[in-house]
Amino acid sequence: MKKHNRKISLIGLGYVGLPVAVEFGKTQRVIGFDVNSIRIDELKQGIERTNEVDQHDLSAADIFFTSDADDLKKADFHIIAVPTPVNHAKQPDLSPIINASKTVGKQLKKGDIVVYESTVYPGATEEDCIPVLEKESGLKWKVDFNVGYSPERINPGDKSHTFKSITKVVSGDTPVTLDIVASVYESVVQAGVHKAPTIKVAEAAKVIENTQRDLNISLMNELALIFNKMDIDTRDVLAAASSKWNFLPFEPGLVGGHCIGVDPYYLTYKASILGYTPQVILSGRGINDSMGGFIASQIVKELIRDEICVKGSRVTVLGFTFKENVPDIRNTRVIDIVRELLDFGVIVQIFDPMADIDEIRKEYGIQLISNENELKPAHAVVFAVPHQYFTAKNWPYFENLLENNDGIVFDIKAKLDRSTTPQGIRLWRL
């Protein structure tokens with residue numbers, strides 16, 4: 001591990017920023033800043049709602065939690081880790097990172113380094129963020145302060161691939177800056193760093209990591225659409241194909257969250273500005289964004305097949321977060337299934353033990369069932385998100401959720417044992 005003499009601040013203490021702050025906080029004093037004062041108050045009390053940081057690690061880390069931007073003056077190495085979502089038109093929403101740049105810029109001093117971890121399109125750091133830092137600080141880039149970019153690689157819910165165990169891509173605006181940024185991250189990242197030659201290269205590397213995954217999943221989803229028409233179980237096909245040593249282990253499913261379902265739009269947006277209209281990337285995005293509607297249509301078809309009147313029928317949806325075993329609801333595509341069913345007049349009841357009910361109501365206008373005992377018998381159950389809470393219960397749990405223990409179970413990610421499906425239940429898998 002290399003040593004450095006930098007005083008670190010983290011701007012944005014969410015799924016990305018907090019784990020980074022905690023790791024640095026194990027070796028030195030860190031300033032943890034977030035505009036959400038409620039979040040700051042909770043962290044001061046040791047309350048961590050993302051489940052990304054171990055309680056013991058949080059308590060042991062030397063972090064000064066604050067929502068007062070003046071405290072950032074005490075640091076000289078500022079890491080910005082705020083979200084970069086897309087708007088309803090699927091265009092980049094840079095307002096969080098621009099606002100963070102304004103906040104840091106107002107506190108910037110000569111000799112400071114600002115490192116961005118937020119996912120952006122190539123060129124955003126230099127074209128969009130640095131001018132804000134200069135304007136707010138009155139300082140000159142590369143003369144008074146320097147900038148680096150080190151893309152986040154946090155995988156929510158993954159306890160094996162963590163901040164310190166994943167190789168960190170780093171970049172800087174000068175060779176000296178690059179060396180400093182590398183030494184700071186090398187002090188805590190056990191897997192080491194990869195030095196990218198330019199900031200743009202590092203930005204591009206991040207955005208294509210998730211674009212590649214998005215495209216591979218879209219291929220699986222398209223295959224699922226085709227095999228559904230052929231009455232072939234997609235998982236059986238994948239199991240057979242996976243016996244070949246170089247077959248890539250991707251699966252069909254809903255693609256949401258703050259990365260895979262978002263990052264490709266940053267690349268396609270920038271490409272369109274440069275006069276190029278991406279074909280493959282947008283095609284894959286279109287397929288993945290359509291899967292919720294497809295699943296809803298299959299639910300309606302199966303209800304009709306069972307001679308159940310769709311309007312007024314009851315469907316239970318298990319899981320609402322974008323991914324299993326995490327409370328994160330950002331860009332969850334389960335909402336697509338729910339909204340489509342509601343349009344058909346279906347009575348939809350949703351239960352998710354991991355999700356914040358108030359947050360979902362505020363973000364999506366959907367009311368979840370707070371107590372699973374309040375779930376009424378349904379004609380169909382949609383196993384949308386395979387939280388361990390559900391998979392541990394297995395078939396008896398699902399059977400009891402159906403009216404007369406009879407009906408249809410839609411196992412989106414094929415987590416239930418097909419060979420033990422109870423009599424009277426029909427299983428549908430994507």
> Which of the residues spanning the range 263-282 are open to solvent by 30 Å² or more (accessible area, probe 1.4 Å) and assigned to a loop (DSSP other than H, G, I, E, B)?
Replying inline: 274, 275, 276, 277, 279
> Looking at 127, 136, which one is touching a Lys or Arg at 6+ places or on another chain (Cβ under 7 Å) and not small (Gly, Ala, Ser)?
Replying inline: 136
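Can you spot a residue in the range 197-216 that is over 26 Å from residue 125 (Cα atoms), assigned to a helix (DSSP H, G or I) and open to solvent by 20 Å² or more (accessible area, probe 1.4 Å)? Talk me through it step by step, then tell me what you get.
Keep residues of the range 197-216 that are over 26 Å from residue 125 (Cα atoms), which gives 216.
This time we only want the ones that are assigned to a helix (DSSP H, G or I), so: 216.
With the extra rule that they be open to solvent by 20 Å² or more (accessible area, probe 1.4 Å), the set shrinks to 216.
Yes, the range 197-216 contains a residue that is over 26 Å from residue 125 (Cα atoms), assigned to a helix (DSSP H, G or I) and open to solvent by 20 Å² or more (accessible area, probe 1.4 Å).
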>> Out of 365, 284, 312, 345, I need the residue that is in contact (Cβ under 8 Å) with a residue 40 or more places away in the chain and among the small types (Gly, Ala, Ser). Which one?
In response: 284
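Within the range 304-317, does at least one residue satisfy the condition of being of a type in the set (S, T, N, Q) and over 30 Å from residue 92 (Cα atoms)? Explain how you work it out, then say what you get.
Here is the first cut: in the range 304-317, the residues of a type in the set (S, T, N, Q) are 313, 316.
From what is left, the residues that are over 30 Å from residue 92 (Cα atoms) are 313, 316.
Within the range 304-317, one or more residues are of a type in the set (S, T, N, Q) and over 30 Å from residue 92 (Cα atoms).
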> Assuming residue 121 fulfils every condition listed in (1) assigned to a helix (DSSP H, G or I); (2) open to solvent by 10 Å² or more (accessible area, probe 1.4 Å); (3) in contact with a helix residue (DSSP H, G or I) (Cβ under 9 Å, 6 or more places away or on another chain); (4) at pLDDT 95 or above apart from one, which condition is it?
Replying inline: (1)
> Can you pull out the residues in the range 284-305 that are touching an Asp or Glu at 6+ places or on another chain (Cβ under 9 Å) and either of a type in the set (Asp, Glu) or over 27 Å from residue 372 (Cα atoms) (or both)?
Replying inline: 284, 285, 287, 288, 289, 290
> Counting only residues that are touching a Pro at 6+ places or on another chain (Cβ under 9 Å), on the phi < 0 side of the Ramachandran plot, free of Cβ contacts under 8 Å to residues at least 24 places away in the same chain and surrounded by 14 or more Cβ atoms within 10 Å (Cβ to Cβ), how many does the range 375-405 have?
Replying inline: 0
> Does any residue of the range 49-64 turn out to be at pLDDT below 95, touching a Phe, Trp or Tyr at 6+ places or on another chain (Cβ under 7 Å) and within 23 Å of residue 162 (Cβ to Cβ)?
Replying inline: yes
> Within the bounds of the range 232-255, is there any residue that is part of a loop (DSSP other than H, G, I, E, B), touching a helix residue (DSSP H, G or I) at 6+ places or on another chain (Cβ under 8 Å), at pLDDT below 95 and surrounded by 16 or more Cβ atoms within 10 Å (Cβ to Cβ)?
Replying inline: no
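For the range 163-185, name all the residues that are farther than 18 Å from residue 112 by Cα and open to solvent by 40 Å² or more (accessible area, probe 1.4 Å).
Residues satisfying the conditions are 164, 165, 167.
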>> Can you tell me which of (1) at pLDDT 95 or above; (2) open to solvent by less than 70 Å² (accessible area, probe 1.4 Å); (3) within 24 Å of the chain's Cα centre (by Cα) is the one residue 316 doesn't meet?
In response: (3)
> In this structure, is residue 152 in contact with a helix residue (DSSP H, G or I) (Cβ under 9 Å, 6 or more places away or on another chain) and more than 14 Å from residue 101 (Cβ to Cβ)?
Replying inline: yes
>> Out of 198, 119, I need the residue that is under 20 Å from residue 81 (Cβ atoms) and of a type outside the set (Gly, Ala, Ser). Which one?
In response: 119
> Can you tell me which residues in the range 166-194 are more than 25 Å from the chain's Cα centre (by Cα) and in a strand (DSSP E or B)?
Replying inline: 172
>> Just the residues that are part of a loop (DSSP other than H, G, I, E, B), crowded, with 18+ Cβ neighbours inside 10 Å and touching a strand residue (DSSP E or B) at 6+ places or on another chain (Cβ under 6 Å), please, taken from the range 131-158.
In response: 150, 151
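The values are calculated or read from the model by the stated rules, or taken from the named source; none is laboratory data. Fair warning: this is a prediction, and the values are worked out from it, not measured in the lab. Heads up, the Cβs are rebuilt from the backbone with ideal geometry, glycines too, and the neighbour counts pull from every protein chain shown. Remember, those area values only see protein heavy atoms, side chains included, never the ligands or the DNA or RNA. Shrake-Rupley method; radii C 1.70, N 1.55, O 1.52, S 1.80 Å.
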